[in-house]
Amino acid sequence: MTTSRRDFLKTAGVAAGAISLSTLPDWFSSIVAAEEAAANGVDKNALADVALSTARKLGVTYADIRINRYRNESIATREQQVQNVSRNQSFGFGVRVLYKGTWGFASSRSVTPEDVRRFTQQAVEIARANSVYQRKRISLVPVEKVVTSWKSAFEKDPFEVSIDDKIQFLLSLNEAAMKTAGVSFVNSFMGFVNEQKFYASTDGSRIEQYIIRANPSFNVTAVNRTTGDFQSRSALGGPQGMGYEYIEKHDWKREAQQAGEEAVMKLKAKPVEPGKYDLVLHPSHLWLTIHESVGHPTELDRALWMEANYAGTSFITPDKTGKLQFGSKIVNFVADRTQPTGLATVGYDDEGVPAQSWHLIKDGVFVDWQTTRDLAAMTGKKKSYGCNHGDSWGSISFPRMPNVSLQSGSGNTSMDDLIAGVEKGILIYGDGSYSIDQQRYNFQFGGQVFWEIKNGKRGDMLRDVAYQSRTTDFWNSCDGLGGRTTYELGGSFNDGKGEPGQSNAVSHGCPVARFRGVNILNTARRS
Amino acid sequence: MLFTEKDARAICDKLLSYVKANDATVAVTSENYSHLRFASNAFTTSGARENVNVFITVWIDKKRGAASTNEINDESLKATVALAEQLARLSPVDREYMPTLAKQTYKPTNAFAEATSNISVTSRAKTINDVITSCEKAKVVGAGFHQARGFATGSATRNGNFLYERSSLVSLATTARTPDGTSSGYFLRNHFDVAKLDTSRVASEAIRKALDSRNPRVLEPGVYPAILEPQAVADLLVSFAFGFDARNAEEGRSAFSAPGGKTKLGEKIFDERINIYSDPWHPELPGSQSAQGGLPAQKIYLVRNGVLENLVYSRFWAKQKGKEPTPGPVNNIMESSQPAVSVEDMIKSMDRGLLLGRFWYIRGVDPRTVLQTGLTRDGIWYIENGKIQYPVQNFRFNQSVIELLAPGNVEMIGKSERVGSSEGQGGNAALLPALKVKKFHFTSQSEAV
């Protein structure tokens, strides 16, 4: 049941306002056709039959094959010049097998029946070589067979929008940023990803997915050449699981101009006095703190020491499930692979499990984990939450983070309402420097723009601010959440994890939130 | 199978034959990659990947476009060249365009071992079984990562240059944790030749560190004298040698910028024993033959005897400034001008301070001073009166690299070893020494293990 990219575009990919294929220039259509030729010149179902039957004959208890195409487009500019315009694509397959409770995986860009058979054999050879010494057999919880297709909910396919429009957009954004006297440099970037994924397994599932993500960004720098000082201000709007409509709907030019003004202001801003402050954190900042301090420690593979050699373990251990007071009672975190415009939103994960939504933290208590089929089996669970993901056809899929979001407060609390309750505090916008330990206790975060809060009102701009805290202290100090109108979705296009390192796109939504008595450092002062 | 020089040249020639643009550079890479992970003293994931990539950059009337693909049939190659050319036609003039290089002469390096590229999965399984067995005997819980990679690349320009080279890399990292989770040790080494990777040392050092880190005491954060083992130096400094960009410094946005629009070139910025250089032909750390898009790489000093000797000029920026483009860096070597001091002698010489084995999650905080924050991990011990006294609970640090290496802060420098940063999973090899420094800034306690 192979669905071509053109079919996707015809049925839903190019919605209202987007260009249709018939309006594209001839050269573009011919290149699209060439791209499709390789992908659709192969019969994925037939190749899956080759892989799965070969694996079965060799004695595996489970096998899957992913035949995927990835397309990337990126445009980079600085000031009034274009630095790079590029499009890249990668096509190939990977076969994963479970033989005597041991994983094996092999992959190749050569998508032919002969090579599918050869690399399936190689995957089994690897598993067999390791199984000789295996101590703990891996098993999987079952999943229902499904034959279907799914596409992400974009409105305008960015790969159909002209390069010229994109360049002009970035250059006009740069112009807006440079309007303020004192701005020295601006870099801007626009990146898009399209994943065309096919999955088949010995469970009988066959799933096709078509996913679009957008990643615009910029950075403005102001230099004081007399003193040798420089400050920068990056974009607050992050990547989204959207199409080109994200570029068109967000007011990037206004933000770029504001960024220019704020970069210059930062040069003259008041250095922060270290000490304890209440914090009011905007979603453009808080998403990253959520990612590091909530998203990662609730990964079950970390808690089981599967990532001990690299990413680390977790301060949350399985015995704390349902017991740990992770945060204050107003704190609720939901993991959600169905969240609209989420970067980790999918129809199915990379082992055929449907996207789901579930609480990780409920009323401040840690209640559940992020799981995959093997992790669920290790811990006696009956089903997986569907967190398996491989970042390429050439990467073995493994546990990755779903969208993890802080739920809004129940009322209509605004940012001003939260600020009004602060005598001595700091309001932070944007993500900056970030660092957290290997068990996710101790963290330090910077930001883009810092405003002093004095006696319930926003005051002067501050600089050289970073806060340092301990995860549970921090979330238990949360005493105010904005209402739904303050909720925004931030995220990362490239969250790294695993060995070899893999990238994952993931979103984190949250309202404006207030935290009491957090330790603030001045990053420019050293003893 | 990696591409041979003949394979690579044939594809490059084919790509260039399709190019109608005024100028172009093309490259083809092929890769064999294989890995094995283990955790909780058992095998976890293991796999292999074979891939190729073709990269095309063209300029039409100085307008630039780039495209890449991993499909190498004629139809795909033609389509990718056509795509790059269409992107170029749509782009504004590339103000930083520099004509691609004419034929260059390269001096080969020896950075490839066939046995690494085609690693035996059965012998690797046995090697990792030996590591796990060592962990079991020591009653610790082992986790780790073994990877082996062979890489071949061919690149060519429309103006007549061609280069083919191969490289390989193998690494093993092991973490050993006591079953109660209160102590952890780590060790990582890499090499281009699998025969020279001492896997039993990796296992035994990780286990020793875990056992020696039991029952840590809590110390107050603050400024401590410290000894950084080569792994800790790698974690903090492995990418530092690639941050000497002349343009950033001259544009006023680098730690090497000076007031009045100047740079710190020629100034003594570091301890006078410190040398930071790149040497493509170093036998222990061979680098690429080519730097900066095809310039024949040369041995270059960035810092010599503590003085900032070179900033790195791209071909474009060099032309703007009337300088020669810099033929490097292609690797990262830090060495002392004086005889090396062993870590044991550093410990003996220390009245009071800390021994640091590894840093983790290091991120830039202030680019003006290369201020970095991060944490200690997998081994930190308190030293008094020339002896290790006891293990210590981890800290977060906020430390300027410029201040770390500054005159007056560096007391002793060890022998440089081939290491790689732990966040880089051992892939970014460097030759770095242990350092004994007067001041290292710890800003909070970290209870993580």
Next on the checklist: Ratio of alpha-carbon Rg to the 2.2 N^0.38 Å globular estimate for the stretch A:174-329, to two decimals, please.
Outcome noted: 1.45
Next on the checklist: Between the stretch A:447-486 and the stretch B:1-47, what is the separation of their alpha carbon centroids in Å?
Outcome noted: 47
Checklist entry - Angle between the Cα long axis of helix B:199-212 and the longest principal axis of chain B, 0 to 90 degrees, nearest 10? => result 40
Checklist entry - Mind checking which lysines have their C-alpha under 22 Å from A:Lys151, skipping anything on the same chain fewer than 8 residues away? => result A:Lys10, A:Lys44, A:Lys197, A:Lys249
Checklist entry - aspartates and glutamates within cross-link reach of A:Lys145: Cα-Cα under 12 Å, excluding same-chain residues under 8 positions apart? => result A:Asp203, A:Glu351
Checklist outcome for this item: With +1 at each Lys and Arg Cβ and -1 at each Asp and Glu Cβ, the charge dipole magnitude of chain A around its Cα centre, to the nearest 20 debye, comes out at 1160
Checklist entry - Which order do peptides A:165-172, A:331-338 fall in by mean Cβ count within 10 Å, highest first? => result A:331-338, A:165-172
Item to check | Helix-only CD estimate at 222 nm, as mean residue ellipticity for chain B, using -39500 (n - 2.57) per DSSP H run (n ≥ 4) | outcome: -6000 deg cm²/dmol
Checklist entry - Okay, helix-only estimate at 222 nm for chain A: each DSSP H run of n ≥ 4 adds -39500 (n - 2.57), divide by all residues, round to 500 deg cm²/dmol; what do you get? => result -6500 deg cm²/dmol
Checklist outcome for this item: Mean per-residue count of partner chain Cβ within 10 Å for A:443-453 equals 2
Checklist entry - For chain B, modelled as a Gaussian network with Cα springs under 10 Å, which listed residue fluctuates most, B:Ser183, B:Ser68, B:Ser336? => result B:Ser68
Checklist entry - Could you state the principal axis extents of the C-alpha atoms in the stretch B:257-331, from the largest down, to the nearest angstrom? => result 39, 33, 12
Checklist entry - Taking the stretch B:1-57, which trypsin sites (Lys or Arg not before Pro) meet the DSSP loop condition and have no more than 16 other C-beta atoms within 10 Å? => result B:Lys20
Item to check | Over 28 Å between alpha carbons, listed pairs A:Lys497/B:Lys62; A:Lys266/A:Lys424; B:Lys137/B:Lys196 | outcome: A:Lys497/B:Lys62
Checklist outcome for this item: Distribution output for the protein assembly as shown: share of Cα-Cα pairs per 10 Å bin in percent, first bin at 0, values 2, 11, 20, 26, 24, 13, 3, 0, 0
Checklist entry - Can you give the Rg to Rh ratio of chain B, both from alpha-carbon atoms, with Rh computed by the Kirkwood formula? => result 1.00
Checklist entry - Based on Cβ point charges of +1 for Lys and Arg and -1 for Asp and Glu, what charge dipole magnitude is obtained for the stretch A:270-522 about its Cα centre, in debye rounded to the nearest 20? => result 540
Checklist entry - Pick from B:Ser349, B:Ser168, B:Ser288: which residue has the top mean-square fluctuation in a GNM of chain B where Cα pairs under 10 Å get a spring? => result B:Ser349
Checklist entry - Is the shape of the stretch B:5-212 best called rounded, prolate or oblate, per the rule: a/c under 1.5 gives rounded, else a/b larger than b/c gives prolate, else oblate, with a ≥ b ≥ c the square roots of the Cα gyration tensor eigenvalues? => result prolate
Checklist entry - Excluding same-chain residues fewer than 8 positions from A:Lys454, which aspartates and glutamates have a Cα within less than 16 Å of its Cα? => result A:Glu273, A:Asp278, A:Asp416, A:Asp417, A:Glu423
Checklist outcome for this item: Hydrophobic long helices for chain A, i.e. whole DSSP H runs reaching 15 angstrom or more by Cα along the axis with Kyte-Doolittle mean at least -1.0, come out as A:26-40, A:44-57, A:113-131, A:163-177
Checklist entry - Just how far, in whole angstrom, is the stretch B:175-205 from the stretch B:287-331 if you go by their alpha carbon centroids? => result 35
Checklist entry - If the limit is 18 Å between Cα atoms, which of B:Lys107/B:Lys415; A:Lys329/A:Lys382; B:Lys209/B:Lys387; A:Lys166/A:Lys253; B:Lys20/B:Lys103 go over it? => result B:Lys107/B:Lys415; A:Lys329/A:Lys382; B:Lys20/B:Lys103
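Where a number appears in this text, it was derived from the coordinates with a stated rule and is not lab data. This structure is a prediction, so every number in the text was calculated from the model and none was measured. Every residue, glycine among them, receives a Cβ derived from its backbone with ideal geometry; neighbour counts consider all protein chains shown.
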